[in-house]
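Just below is one structure, and these are the notes that go with it.
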Amino acid sequence: MSRVLAAASVPNPPLLLPGLTGGPVAEVEALRSACLAAIETLAGAEPDLIVLVGGAGSGELDSPLSLRVGRSLLAQAGLELPIEAVGIPADAPAEECRITGERVAEHRGRVGLLVMADGSACRSLKAPGYLDERAAPFDAMLTEALLARDWASIGRLDQQLAAELLASGRAAWQVMAGALATGELAGEEYTPTCHYRDDPFGVWYPVLTFS
Amino acid sequence: MTLNLGRHAYSDGALLIMAIVNRTPDSFYDRGATYGFDQAVDRVAEVVAQGAEIVDIGGVKAAPGDEVDAVEEIRRTVDFVAAVRSAYPDLVISVDTWRHEVAREVCRGGADLLNDAWGGHDPRLAEVAAEFDAALVCTHAGGVAPRTRPHRISYPDVMVDIISRTVGLAERAAAIGVDRSRIMIDPGHDFGKNTWHSLEATRRLSEMVDTGWPVLVSLSNKDFIGETLDVPLDERLLGTLSTTAVCAWQGASVFRAHNVAETRQVLDMVAAIRGTNPPRRAVRGLA
């Protein structure tokens, strides 16, 4: 009998790796606090295993940034549990993501799911991808869908648009949707909580838990 | 090696600022701006806020001019040293003097460091440093008398002369009891040197660093910078700062400066390039 007891979705900018900002940067520390709070919520469900899901770009399949940031945040939170890492190719089609999520839900043991995912990176003139007017509505739609546990809408996210907006979390969120939809069919109940949502550097960083 | 100044121990790679505080009516750069006691107190507060670790209090201008005897030099410096000591218990207080009589009085007043800019002209100065466990700067001045200008000085090899004299002074000081960890050497830019000499001393500063003694440089707004760029006194800041960066990169530890805030930025930049200090805020490309 598999159980995904709870899930947390946190962004994965390199900024969250220890020391990478040089001196402390207030905006980054606020984000980090929210991420650690989300991991604390995840730990509160008393899992005995963390399944860590993150997108992997084509050139980084060995050690994707998303999984490195995830492992680092787990360490920063002091959470000492076995970690099973699942790298999903950033360009994986929705169907592949859903199936991967369903497999996570079939895992034996008490699973805490940590999903590494960012929204668009085109939210301002200084954003990494410059300003794209489609970014804000895209991020609003996907964030509301996540908080509404509308897994079907997450499964239908426009892959092409997400790629154009540099929304690197699309595939990982679709894995999470597959896993939590399966969990709900098996009788789990997930209460969504938003710990943080902002774009201090033009990238959309939602920090959410489902527990 | 560790450099001990006052209550502080600084490790290799530390980049320290010695801020100039003149209690003189006639020094070349500030032209008497901090001759008054209150003005000098304000200057100390300002340079501490700007990040100086050391203040260097001077009662006699370096260039020739009105005679200032030991009594007058003591009057200008000792009470002020005591006032700074009282207001800033942790601040490293240096006094720029070549006279042992003055050195003894300022050490009694709380000075931590004797900046002997005239190259050991008074051999008893080092004895005072030993007596009070004070630090000492051993400077190259080419053997000239205090407050004289260089006139047709030549060296077979200026850096060989600098190292020979400064290391000789440092070893002598250590031999008579000055703590080795409290001794620095200074090439003495402009002192007993023409502009060619000072440029060569800067170019080859790493040879001084290689002796193992911590190196102090006193570059601020000096004539070799003015001549190199052919600019008047009030246009030497960029030349001073670029020279500061070159010296820091080669391993100098202490920088005697008028312009503390600007010097701090230069040294922070050098430390970040060297990799010993991180940037204060790195987010570019990492969001």
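The values are calculated or read from the model by the stated rules, or taken from the named source; none is laboratory data. This one's a predicted model, so the numbers in the text were calculated from it and none came from an experiment. Virtual Cβ from ideal backbone geometry, glycine too; neighbours counted across all protein chains shown. For the accessible areas, the whole protein counts, side chains as well, though only heavy atoms, and no ligand, DNA or RNA atoms are used. Shrake-Rupley method; radii C 1.70, N 1.55, O 1.52, S 1.80 Å.
Look at the stretch A:23-32: the mean tally of other chain Cβ atoms within 10 Å of its residues' Cβ atoms is 2.
Comparing A:Val51, A:Val175, A:Val28 in a Gaussian network model of chain A (Cα springs below 10 Å), the most mobile by mean-square fluctuation is A:Val28. Burial here means at least 30 square angstrom less accessible surface with every protein chain in place than with the chain by itself, probed at 1.4 Å; in the stretch A:180-211 the buried residues are A:Phe201.
Taking all protein chains into account, the per residue accessible area for the stretch B:24-141 stands at 39 Å² (1.4 Å probe).
Counting only protein heavy atoms and a 1.4 Å probe, tell me what percentage of the stretch A:2-210's accessible area is made up of carbon and sulfur.
53 percent
Chain A contacts chain B over a buried accessible area of about 800 Å², both sides summed; the probe is 1.4 Å and only protein chains count.
Averaging Cα coordinates gives a centre for the stretch B:64-88 and one for the stretch B:180-229; these two points are 26 Å apart.
In whole angstrom, note down how far apart the Cα centers of the stretch B:10-31 and the stretch A:84-142 are. One Cα centre to the other: 56 Å. Charge tally for B:Gly143 (other residues, Cβ to Cβ under 13 Å; Lys, Arg +1; Asp, Glu -1): +1. For chain B, the mean residue ellipticity at 222 nm estimated from helices alone is -12500 deg cm²/dmol, where every DSSP H run of n ≥ 4 contributes -39500 (n - 2.57) and the total is divided by all residues, rounded to the nearest 500.
With the whole protein complex present, A:Met116 retains an accessible surface near 0 Å², based on a 1.4 Å probe.
Estimated from helices alone, the mean residue ellipticity of chain A at 222 nm is -12000 deg cm²/dmol (sum of -39500 (n - 2.57) over DSSP H runs with n ≥ 4, per residue). Note on chain B: GNM, Cα springs under 10 Å; of B:Ser206, B:Ser94, B:Ser11, the largest mean-square fluctuation is that of B:Ser11.
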